[in-house]
Every structure is written in structure tokens, then in C-alpha cells.
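This report concerns only the one structure given below.
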Amino acid sequence: MKSKLLKLLAAASLASAVVLTGCATQQSSKSTKPAEPAPAKKTVAKSGYGPAYTTFDRNGVNYTKGAVAYPTGILSSSSLLLEKVVPSEVMVGAPYQVSYTLRNLSDVTLKDVVLTDVVGSNFRLSDAAPAADAVDGDTATWMLGEIAPGGTRNVILKASSPEEGYATTCSAVTFVPSYCETIKVVRADLELVLDLVPAVTVCDPIPARITVRNSGSSRLTNVVVTDALPSGLATADGQTRISLNAGDLNPGESKAFDLDLKASSTGRYEASPVANSAQGISAEDMGSVVVSAPSLMVSCEAPSERFIGRPISVCYQVKNTGNATSSNTVLTVPVPAGATFQGATGGGNLSGNAVVWNLGSIAAEGVTEVCATFTGKQAGMVSFSGSVQGNCAPVASTVCRTEVTGIPAILLEVIDLEDPIEVGSNQTYQIVVTNQGSAPATNVRVTAQLEDEQSYVTSSGTTSARASGQTIVMNAVPSIAPGANATWQVVVKALSEGDIRFSVQLESDQMGRPVRETEATNQY
């Protein structure tokens with residue numbers, strides 16, 4: 001900075017020095033007049049540059065090159081170098097050329113650069129490139145404007161000298177050095193992006209990614225992301241407020257944070273994280289997630305009554321009344337005591353003492369129906385319970401009942417132990433009542449009817465009997481279990497010859513009408 005200020009301060013004072021040191025003299029030669037001695041050339045030390053002269057030969061013509069560094073005369077501390085090339089000697093009236101080169105030695109733009117050339121009486125200017133901006137008597141001025149750092153400007157004069165002697169051209173340069181400082185202008189900006197899955201079930205974690213990025217051109221420090229979560233939403237460890245320290249972020253740098261959130265119930269939840277930096281820059285984003293859940297309901301249908309041994313078809317309907325799919329849905333139906341599993345629809349299989357259906361996934365509002373077949377082994381109320389559950393679906397249960405009853409099937413048998421028999425002898429009839437059904441036969445009543453050719457003698461059996469005329473009445477049997485029987489032996493006497501019929505009638509509470517059986521006996 002100091003050197004540049006020196007250039008600025010010295011620029012004005014150099015104009016006079018330029019005039020004194022920037023002159024060049026050309027000798028004009030003519031055979032009729034001896035040449036006058038040329039003015040002595042000034043020189044400077046090698047370390048300087050203000051002005052310095054050298055000579056060189058080009059195409060047999062000797063030239064003089066003068067150079068001066070502004071404003072200090074030393075190249076290393078100057079801003080502009082003026083170089084001027086003139087022929088060392090010219091012929092009277094012959095055209096020649098004078099060239100100027102102005103070179104910017106600094107790293108700043110030189111402004112208002114002005115080149116002035118003052119000529120003597122023996123210097124006739126015929127042309128200039130570029131043309132002078134102003135000519136006043138023997139003074140020509142070029143307003144060269146700006147010269148960029150390292151740039152050059154050239155001025156070429158074409159002239160001649162009419163008289164023998166010397167022609168003088170003196171140059172002067174002025175300029176305004178510009179002192180520039182660059183101030184970097186940056187933009188502070190912050191970007192925040194929240195990524196949430198759009199939908200989950202209430203049993204699932206909610207994956208969230210928060211990315212904070214320095215989208216500006218300045219460094220941001222102490223960047224912190226915060227969010228007060230809505231009611232019902234928390235982090236995996238139960239926190240309802242998020243605080244994430246992103247630290248310092250360089251331009252273009254970003255940091256991402258992955259975390260799992262958890263919803264306590266179904267519904268739509270919104271998260272709105274905000275990022276702030278120490279520079280007062282903030283950014284925010286919002287995301288939402290819909291939390292749903294399956295809800296299972298199971299019902300069953302079974303006949304109200306079935307006989308023992310007959311098939312009992314029990315059907316179960318499973319419905320998902322929630323708003324999410326129930327996956328890995330399983331229906332389990334224990335085989336009740338007093339029943340035997342026979343088969344199932346829908347892929348149900350016996351596992352242990354339960355029928356199990358793997359129902360898979362049931363969409364929201366979806367319905368699945370399966371059936372199982374059982375048989376009742378004994379009379380009584382049989383309960384068919386069922387429970388269903390799925391991933392994220394609570395257990396739902398149901399029960400339906402069937403009254404299993406038996407049906408009595410009574411077999412009445414009557415045989416005579418001897419046939420034929422002689423008149424006057426006794427005949428024994430055996431009466432057997434067998435319950436071939438699946439339910440007890442109750443209040444079993446048996447009566448026998450004798451024809452006139454026979455008379456009652458005695459009887460024995462499950463119950464006692466009494467005779468009233470030709471009718472024999474066995475006392476009622478309260479109950480005959482399935483597979484059991486009741487027996488009686490009735491002894492009668494043959495009174496006369498004939499083809500006799502011994503008639504027996506059976507009644508019970510379960511019968512709508514009597515059962516009758518006869519046995520033929522031939523008496524002689």
C-alpha cells in the first residue's frame with residue numbers, strides 16, 4: 001500500500017522531470033554544412049531507470065532507445081515505464097519515425113494517462129497513430145485513458161526535419177494511479193430438509209432424516225436444529241423435543257441426522273424442525289406422516305342343537321375394521337371337550353388340540369371366512385371359542401355354542417323259550433328292551449297282553465310286574481342308558497290248543513307312539 005501511495009504522491013511532480021529527461025535529439029545530415037556536436041546524453045546507474053538510453057541497429061539504421069520509470073525511476077517501485085525509440089541520425093527532408101510505448105508495471109489500472117510531446121522547430125510532424133487529441137503550437141497531447149495491469153499503449157509519430165542540425169522531441173507523461181482493494185461479499189444462507197415416510201402403522205417406528213446444509217457462500221457456526229414434537233409423537237427414547245447440534249458448516253457443507261420417531265396412537269402428525277446459526281440465519285421444513293392401525297373383529301356361527309355323533313359346522317368370520325392391513329393374521333380355535341375335529345376349510349389344520357388358520361394379510365375393511373366341522377361325543381353344551389390376532393392388531397375373541405343331545409332308539413324283542421308246548425305246561429316269554437340310541441330312554445313302560453288260551457303265572461326282571469286280567473303291566477323303568485337294556489321273563493300256562501299270540505307294547509317319554517311286538521306260540 002505504501003508504494004502505491006508513493007506513486008500517487010509522486011505522479012504530479014514527475015511532469016517537469018519528464019520534460020527534462022524525456023527528450024530525444026535527432027541529427028540531420030547535409031553535405032554542404034558540417035554537423036554541430038550533439039548534446040551529451042544523460043545516463044543513470046544500472047539500478048535505476050530514469051531515464052536510461054541504449055542504442056541498437058536495425059536494418060543498417062542506428063536507433064536510440066530511451067526509457068524512464070515513473071514515478072521513482074526504479075522499475076521495482078514504479079507504476080509506468082515510458083519507452084521512446086528515435087533514429088540516431090536522419091537525412092534532411094527524409095521521413096523518419098518516432099515511437100512511444102507506455103507499459104503499466106503495476107497490478108492496478110492506471111487512469112487518465114496523458115502523453116505530451118513538445119517538438120523543436122526542426123521537427124515537422126506529418127502523421128501520428130493514434131492522432132493527437134490536441135495540438136497547440138509545438139505541443140501535441142494524447143489522452144490515452146486507462147492502461148490495465150501489464151498492458152501497453154503505443155503512439156507512433158511520422159516526421160521529417162527540413163534543416164541540417166538537430167531536431168528535438170520532448171515527451172511528458174502524467175497519470176492517476178488507482179489504488180484498489182477487493183472486499184469479498186458473501187451470502188449467508190441455510191437449507192433444511194425433513195424426510196419422513198408418508199405412512200406407517202402404530203406399531204412401526206417412523207424413520208426420519210433431517211439434513212441441514214450451508215447453501216450460502218459464508219461459513220456458518222454453531223448450527224443447531226430443534227423441534228417441539230406434537231402431542232402423541234416422540235423419539236424412540238421418549239423425548240418430545242429434538243435438539244441436534246450440527247456445529248460449524250462451510251459453504252456447501254451439509255450434515256444429516258437419522259432418528260426414529262414413535263406415535264402413541266393413530267392419526268396424522270406434523271413435524272416442523274428449525275435450524276439456527278450463530279449468524280442469525282435460520283431455515284425450517286415441515287413433514288407429515290399418517291399413522292394407521294389394523295383392528296380385527298371375529299364372530300362365529302354354529303347350530304343351536306345337534307345330536308350326538310352328527311356333524312357340527314362352525315364358521316368364523318374375521319373382519320379388519322381398522323385402516324391398515326393386518327399381516328400374519330392367525331385364527332385359533334381350540335377343540336372343545338366333548339367334541340371331535342373332523343375337518344376345516346381355508347387351510348385350517350389341527351395343531352395340538354386346536355385348529356389353526358394362517359390367514360395372511362387382511363386389508364382394511366377386508367373380510368375372511370372359514371369353517372370347521374366337529375362331532376359331539378356326549379350330550380351337553382359345547383362351546384366353540386376362537387381368537388384372532390395379527391401384526392399390530394390386538395387379539396379379538398368370540399364364542400358360539402351348540403347343544404349336543406342324544407336320541408333314544410329303543411329295540412323291543414320278545415321270544416318264547418319253548419315252542420310248541422303241550423297244553424297244561426308253562427311257557428316262558430323273554431322281553432328285552434335295548435336302548436340303541438345316543439340318549440337315555442326315560443320312563444320306559446312295558447305291558448303284555450295274554451290271549452284266552454293262556455293264563456298268567458309269574459314274572460321277574462328289571463322291574464316287578466302285576467297282572468290285571470289278561471294284561472300284565474311291568475313297573476316303569478326310570479331310565480335306560482344308551483347301549484343298556486331292561487329284561488323281563490313272564491311265565492304263562494297253556495290252557496288250550498291254538499296258534500297263540502303273545503303281545504307286548506312299549507312306551508317311553510321320548511316316543512310319540514307305542515311300539516308293539518308279538519311272539520307266536522303253538523299250543524297242542
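Quick note: the coordinates plus some simple rules give every number you see, no bench work behind them. Since this is a predicted model, take the numbers as computed values, not measurements. Using ideal geometry, Cβ is built from the backbone for each residue, glycine included, and neighbour counts are taken over all protein chains shown.
See the values below:
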| read-out | value |
| --- | --- |
| Pairwise centroid distance, computed over Cα atoms, of the stretch 439-471 with the stretch 117-132, Å | 172 Å |
| Positive minus negative residues near Leu249 (Lys, Arg vs Asp, Glu; Cβ under 13 Å) | -1 |
| Spatially proximal aspartates and glutamates relative to Lys255 (Cα-Cα < 17 Å; intrachain offsets below 8 disregarded) | Asp189, Glu191, Asp195, Asp227, Glu284, Asp285 |
| In Hz, Karplus ³J(HN,Hα) per residue of the stretch 59-76 (6.51, -1.76, 1.60; θ = phi - 60°; x = Gly, Pro) | 6, x, 10, 8, 10, 10, 10, x, 9, 9, 9, 10, x, 9, x, 10, 4, 5 |
| Cβ-placed point charges (K, R +1; D, E -1), dipole of the stretch 196-264 about Cα centre in debye, nearest 20 | 180 debye |
| Amide H contacts of Asn122 (H built 1.01 Å from N, under 5 Å, at least 5 apart or other chain) | Thr168 |
| Radius of gyration and Dmax over the Cα atoms of the stretch 396-505, both given in Å | 18.8, 80 |
| Reach of Lys319 by Cα under 13 Å, taken over aspartates and glutamates that are not fewer than 8 positions away in the same chain | Glu365, Glu369 |
| Whole-Hz ³J(HN,Hα) from phi, Karplus 6.51 cos²θ - 1.76 cosθ + 1.60, for the stretch 335-349, glycine and proline x | 6, x, 4, x, 9, 10, 6, 10, x, 8, 8, x, x, x, 10 |
| Distant-in-sequence amide H partners of Val404 (H built 1.01 Å from N, under 5 Å) | Arg306, Gly380, Met381, Val382 |
| Positive-end residue of Ser385, Gly73, Val274, charge dipole of the chain with Cβ unit charges | Gly73 |
| Amide H within-cut-off set for Ala484, under 5 Å, with H built and near neighbours excluded | Asn435 |
| Dipole of the chain, positive direction: furthest Cα of Pro482, Gln436, Val108, with charges on the beta-carbon | Val108 |
| Value of D in µm² per second that Stokes-Einstein yields for the stretch 225-338, Kirkwood Rh from Cα pairs, at 20 °C (1.002 mPa s) | 110 µm²/s |
| Beta bridge orientation in the chain: antiparallel %, DSSP, nearest 5 | 95 percent |
| Residues of the stretch 395-410 with amide N under 20 Å of a point placed 7 Å along Cα→Cβ from Ser304 | 399-407 |
| Calculated over the chain: convex hull of Cα atoms, volume per residue (Å³) | 296 Å³ |
| Spin-label pair Asp248/Asn391, simplified geometry with 7 Å Cα→Cβ offset, distance in nm | 4.7 nm |
| Among Cys371, Leu220, Ala256 the positive-end extreme of the charge dipole of the chain (Cβ point charges) | Leu220 |
| Helix axis angle, 2-11 relative to the chain longest principal axis, alpha carbon, degrees | 40 degrees |
| Net charge of Cβ neighbours under 14 Å - reference Val291; Lys, Arg +1; Asp, Glu -1 | -1 |
| The chain: calculated mean residue ellipticity at 222 nm from DSSP helix runs of at least 4, using -39500 (n - 2.57) | -1000 deg cm²/dmol |
| Under Karplus coefficients 6.51, -1.76 and 1.60, residue-wise ³J(HN,Hα) of the stretch 181-190 in Hz, glycine/proline x | 10, 9, 10, 6, 9, 10, 10, 8, 8, 9 |
| Environment charge at Leu125 (Cβ cut-off 9 Å; Lys +1, Arg +1, Asp -1, Glu -1) | 0 |
| Within the stretch 296-405: Cβ-based charge dipole about Cα centre, in debye rounded to nearest 20 (Lys, Arg +1; Asp, Glu -1) | 220 debye |
| Only Lys, Arg (+1) and Asp, Glu (-1) charged, at Cβ; the stretch 412-524 dipole about Cα centre in debye | 560 debye |
